[in-house]
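The values are calculated or read from the model by the stated rules, or taken from the named source; none is laboratory data. All values derive from a computational prediction rather than experimental measurement. Note that each Cβ is placed from the backbone with ideal geometry, even for glycine, and that neighbours are counted across all protein chains shown.
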Amino acid sequence: MIKHVVMWKLKDEKSKKTKFENAKLIKSRLENLQNIISEIKYIEVGINLENFENNHDVVLISEFESLTALEIYQKHESHLEVSKFVKSITELRTAVDFEF
């Protein structure tokens with residue numbers, strides 16, 4: 001099994017949406033991928049508590065049967081759409097993949 005963990009720091013938006021509103025959109029869109037991409041065995045998205053400013057804003061914890069399954073997920077059209085949105089509002093991304 002592969003655990004895929006990603007954390008994002010969101011940009012301070014000058015648009016109509018706050019970091020927290022964008023974090024909720026990321027959470028919803030990522031969690032919805034479980035209904036679309038069968039390779040996802042587990043997915044959880046957390047939003048940082050607002051009183052810890054130096055932390056990342058959003059974390060994704062997901063699980064896959066294999067590296068091949070993770071690669072299928074990463075190349076899936078629906079994931080790429082979510083990824084494009086996330087990249088547009090992110091200033092920093094950190095990730096780790098490991099076997100468990």
Legend entry - Tally of residues being within 18 Å of residue 97 (Cβ to Cβ), in contact with a Phe, Trp or Tyr (Cβ under 7 Å, 6 or more places away or on another chain) and of a type outside the set (Phe, Trp, Tyr) across segment 33-71: 9
Legend entry - Subset of segment 63-81 that is assigned to a helix (DSSP H, G or I) and among the hydroxyl-bearing types (Ser, Thr, Tyr) - its residue that is nearest to residue 30 (Cα to Cα): 78
Inset, instruction - For residues that are touching a residue at least 40 places away in the same chain (Cβ under 8 Å) and assigned to a helix (DSSP H, G or I), scanning just segment 82-100, find the one that is farthest from residue 4 (Cα to Cα). - result: 85
Legend entry - Residue that is surrounded by the fewest Cβ atoms within 10 Å (Cβ to Cβ) [pool: residues in segment 72-100 that are under 15 Å from residue 34 (Cα atoms) and touching a Phe, Trp or Tyr at 6+ places or on another chain (Cβ under 9 Å)]: 72
Inset, instruction - Just name the residue that is nearest to residue 2 (Cα to Cα) out of those in segment 46-71 that are hydrophobic (A, V, I, L, M, F, W, C) and surrounded by fewer than 14 Cβ atoms within 10 Å (Cβ to Cβ). - result: 67
Inset, instruction - Please indicate, with yes or no, whether at least one residue in segment 79-86 is touching a strand residue (DSSP E or B) at 6+ places or on another chain (Cβ under 7 Å) and at pLDDT 95 or above. - result: yes
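Taking only segment 19-52 into account, find how many residues are free of Cβ contacts under 8 Å to residues at least 24 places away in the same chain, among the aromatic types (Phe, Trp, Tyr) and either under 20 Å from residue 70 (Cα atoms) or not in a loop (DSSP other than H, G, I, E, B) (or both).
Our first condition is that a residue be free of Cβ contacts under 8 Å to residues at least 24 places away in the same chain; within segment 19-52, this holds for 21, 24, 28, 31-32, 34-35, 38, 42-46, 49, 51-52.
Then keep just the ones that are among the aromatic types (Phe, Trp, Tyr); that gives 42, 52.
Still in the list and also either under 20 Å from residue 70 (Cα atoms) or not in a loop (DSSP other than H, G, I, E, B) (or both): 42.
Counting residues in segment 19-52 that are free of Cβ contacts under 8 Å to residues at least 24 places away in the same chain, among the aromatic types (Phe, Trp, Tyr) and either under 20 Å from residue 70 (Cα atoms) or not in a loop (DSSP other than H, G, I, E, B) (or both) gives 1.
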Inset, instruction - Kindly provide the set of residues from segment 3-32 that are within 16 Å of residue 95 (Cβ to Cβ) and buried (at least 18 other Cβ atoms within 10 Å of the Cβ), ordered by number. - result: 4, 6, 7, 8, 10, 26, 30
